Amino acid sequence: MRSPRARRDADAMPVIEVTDLRKSYAGRPVVDGVSFIVEEGEIFGVLGPNGAGKTTTVECVEGLRVPDAGRVRVTGLDPVTEDEATRRVLGAQLQESELQARLTVREALELYAAFYPRPLDWRPLAERLGLTAKLTTRFAKLSGGQKQRLFIALALIGNPRIVVLDELTTGLDPRARRDTWELIEDIRANGVTVLLVTHFMEEAQRLCDRIAVIDKGRIAALDTPAGLIRRSAGATVISFTPSAPLDDRDLNALPALASIEHKDGRITLSGTDETVNAVITLLARCHITAHQLRVTDATLDDAFLDLTKEAAA
Amino acid sequence: MSTAVINSAVLKGEFRLLRREPGSLFWILLFPTLLLVILGSIPSFRDPDPSLDGLRVIDVYVPVTVLLGLIVGGIQAMPQTLTGYRERGILRRMSTTPVRPVALLSAQMLVYGAAALASALLALVVGRLAFDVRLPEQPFGYAVALLLTVLAALALGAVICALSPTTKVAGAIGSAVFFPAMFCAGVWMPVQTMPDVLARIVEYTPFGAASQALNQAAAGDWPGWGHLGVLVAWTVLLTAGAARWFRWE
Ligand SMILES: Nc1ncnc2c1ncn2[C@@H]1O[C@H](COP(=O)(O)OP(=O)(O)OP(=O)(O)O)[C@@H](O)[C@H]1O
Ligand SMILES: [Mg+2]
């Protein structure tokens, strides 16, 4: 079995290599010079607002779309010209797809297993995805979340070296979501490389080793989840209810201050550790007591909103 | 293992799925024979007709019913299913696996082709047992003509699917082609009874040529090379068109 440590080998070639990828639709660039590398055994996240170009990017990796320019390599293979070989090592869950309406879950699993040279046993896979009770149900009769689980199973059934999951847990209930995360962690423990598109920050924070934030077809940031939070302007958040009013000018003069908010007499500031120290000093100097003082780290949510700020404006 | 155009797992699956489509099964397998039974229950259709060289109307209608199953399967049912597969991303999902989506196309053709042949067989058997219609006297020639017709019908279906962006359009084109195809096959007026000029024209259409070829083989002659040639030409032409225009997504 491949071990996650294998990726530290000096001569190991990256599993996924995307270099200056470009794709336009009707003359409008949708992916505009995206580059990243995914190492073996890594879970690599792709975040970004709707329409940022995430699906377009990962579907170029899957060989479903042909790039206008740039280079894509999957275990050294070109997914467009060497599609046969690519598809044997890569499993995909698409953001949108369907199966034949009258095909049952079991038939779908058996059918797709027959497509690969060394498939997994579909029974334990169905069990882990909570599909066992639905094996004889036809695709058209499945609920949205059950269809999603089936597509996750189909992405994994070929025992791939790489899985590309576009909105892995969209439509799943909280328990199924957590079970799916465990499943993904397990397959990664077996050395499988994962490229994961998601809108759930909790999912990205828990699963991903590194994350690329894509905005308007470009990479806005690429770092570990902790790194992204640290980089964002308001990495630390301090909130308190002062015993007496504070002068706004004093607050605004705080070092490395990223944002300031007053609500029902409570003040919430974001910035760095330096900001926190300065607040404490300020309060002491003015003899003001801070009730219910809380200092927390910003979440990936905050970092994401900060990194894709202009998009919302 | 997977470059093959035909994939046995996909073929098995599509065969199983067609068995779950009661509507398609009825129209392809039973409807043509049902029509034969209805026509055969009209007493005068069971009497020799001087305008048909002494044949009975029911004798002439067996080849027509044989063609009807082909027309329903190839022109109406298959393009709808296949266009639906494309529209709903089923072909696309399959393109992410080592099996090429062409396996689904070929499986559809084989499954609908087989259903159409089964329908033809049923019409022949019921015609023989219920109405004493003689089995084709030139069976080999009949089989050749039938096979070429199946190929032409499936190629026509593939072109319809290639030209249809949605299932709705496939249904509309299917119906638009359906009635002329039935006319040429002789559903309203067997080709032998058509006025000369009309018959000449109809013979150049796939189902008109098929109708003539089947009639000749039924009567014990080798089907005319001209008719078989027309069928082959249509198959080649339509296949080339389908290959050129077909889109996987
Ligand atoms: N086949 C296509 N034809 C034309 N435009 C397209 C096509 N596919 C994508 N686009 C456009 O490209 C842009 C990026 O689409 P993409 O699906 O990659 O976004 P995304 O980041 O995956 O968004 P979401 O989070 O909503 O899934 C969108 O503006 C979309 O309208
Ligand atoms: Mg998307």
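Just so you know, the Rg over Rh for chain A is 1.07, from Cα atoms, with Rh as the Kirkwood radius. Membrane-span-like helices of chain B, defined as complete DSSP H segments with a Cα extent of 24 Å or more along the helix axis and a mean Kyte hydropathy of at least -0.5, are identified as B:102-131, B:139-163, B:167-185, B:225-245. Cβ crowding within 10 Å, taken as a proxy for footprinting-reagent exposure, orders A:His262, A:His199 from fewest neighbours to most as A:His262, A:His199. Computed from Cα atoms, the angle from the helix A:144-156 axis to the main principal axis of chain A rounds to 70 degrees. Structure note, pairs A:Lys141/A:Lys216; A:Lys147/A:Lys309; A:Lys54/B:Lys12; A:Lys147/B:Lys12; A:Lys141/B:Lys168; A:Lys216/A:Lys263: Cα-Cα distances above 31 angstrom occur for A:Lys141/A:Lys216; A:Lys147/A:Lys309; A:Lys54/B:Lys12; A:Lys216/A:Lys263. Charged side chains reduced to their Cβ positions (Lys and Arg at +1, Asp and Glu at -1) give region A:213-313 a dipole of some 20 debye around its Cα centre.
Across chain B, where is the longest run that never hits trypsin sites (Lys or Arg not before Pro) in a DSSP loop with at most 15 other C-beta atoms within 10 Å?
The segment B:21-133 is the longest one with no such site.
Rounded to the nearest 5, the antiparallel percentage of DSSP beta bridges internal to region A:4-224 is 55%.
When the charge dipole of region A:4-224 is built from unit charges on Cβ atoms (+1 for Lys and Arg, -1 for Asp and Glu) and taken about the Cα centre, the candidate among A:Ala155, A:Leu125, A:Thr57 whose Cα reaches farthest toward its positive end is A:Leu125.
Region A:231-302 and region B:55-123 have their alpha-carbon centroids 71 Å apart.
Remark on the protein assembly as shown: hydrodynamic radius 27.9 angstrom, per the Kirkwood mean of 1/r across alpha carbon pairs. In region B:36-175, a dipole from Cβ-located charges (positive for Lys and Arg, negative for Asp and Glu) runs towards its positive end, and of B:Val133, B:Leu151, B:Leu68 it is B:Leu151 whose Cα lies farthest in that direction. Amide hydrogen proximity for A:Ala220: with H placed 1.01 Å from N in the peptide plane, the residues at 5 or more positions away or on another chain lying under 5 Å are A:Val213, A:Ile214, A:Asp215. For the residues A:Val74, A:Val34, A:Val295, a GNM of chain A with alpha-carbon springs under 10 Å puts the largest fluctuation on A:Val295. Note on chain A: with a GNM built from Cα contacts shorter than 10 Å, the maximum mean-square fluctuation among A:Arg161, A:Arg231, A:Arg149 falls on A:Arg231. Note on region A:233-297: Cα convex hull, mean projected area over all directions, 3.7 nm².
Charges at C-beta only: +1 for Lys and Arg, -1 for Asp and Glu. How large is the resulting dipole of region B:13-159 about its Cα centre, in Debye rounded to 20?
860
Considering the options B:Thr235, B:Phe31, A:Gln95, tell which one lies farthest towards the positive end of the dipole of the protein assembly as shown, charges being +1 on Lys and Arg and -1 on Asp and Glu at the Cβ, about the Cα centre. Toward the positive end, the furthest listed residue is B:Phe31. Neighbour counts of C-beta atoms inside 10 Å place B:Cys184, A:Cys286 in the sequence A:Cys286, B:Cys184, starting with the fewest. Centroid-to-centroid, using Cα positions, region A:40-105 and region A:110-164 are 18 Å apart.
If you build a Gaussian network model of chain B, linking Cα atoms that sit under 10 Å apart, which residue out of B:Thr166, B:Thr96, B:Thr65 swings the most? Comparing B:Thr166, B:Thr96, B:Thr65 in a Gaussian network model of chain B, the most mobile one is B:Thr96. Separation of region B:144-173 and region B:180-237 by C-alpha centroid, Å? The distance from the Cα centre of region B:144-173 to that of region B:180-237 comes to 18 Å. Each residue of region B:132-137 is assigned a 3J(HN,Hα), and the resulting list reads 6, 6, 5, 5, x, 7 Hz, derived from the Karplus form 6.51 cos²θ - 1.76 cosθ + 1.60 (θ = phi - 60°), x at Gly and Pro.
Both numbers refer to the Cα atoms of region A:77-208; Rg and Dmax are 14.2, 41 Å. Charge dipole of the protein assembly as shown (Cα centre as origin; +1 on each Lys and Arg Cβ, -1 on each Asp and Glu Cβ, all else neutral): 760 debye, rounded to the nearest 20.
All of the numbers you see were taken from the coordinates with simple rules; none came from a lab. Being a predicted model, the structure only gives us computed values, none of them experimental. Because the Cβ atoms are built from the backbone with ideal geometry, glycine has one as well, and the counts that use them run over all protein chains shown.
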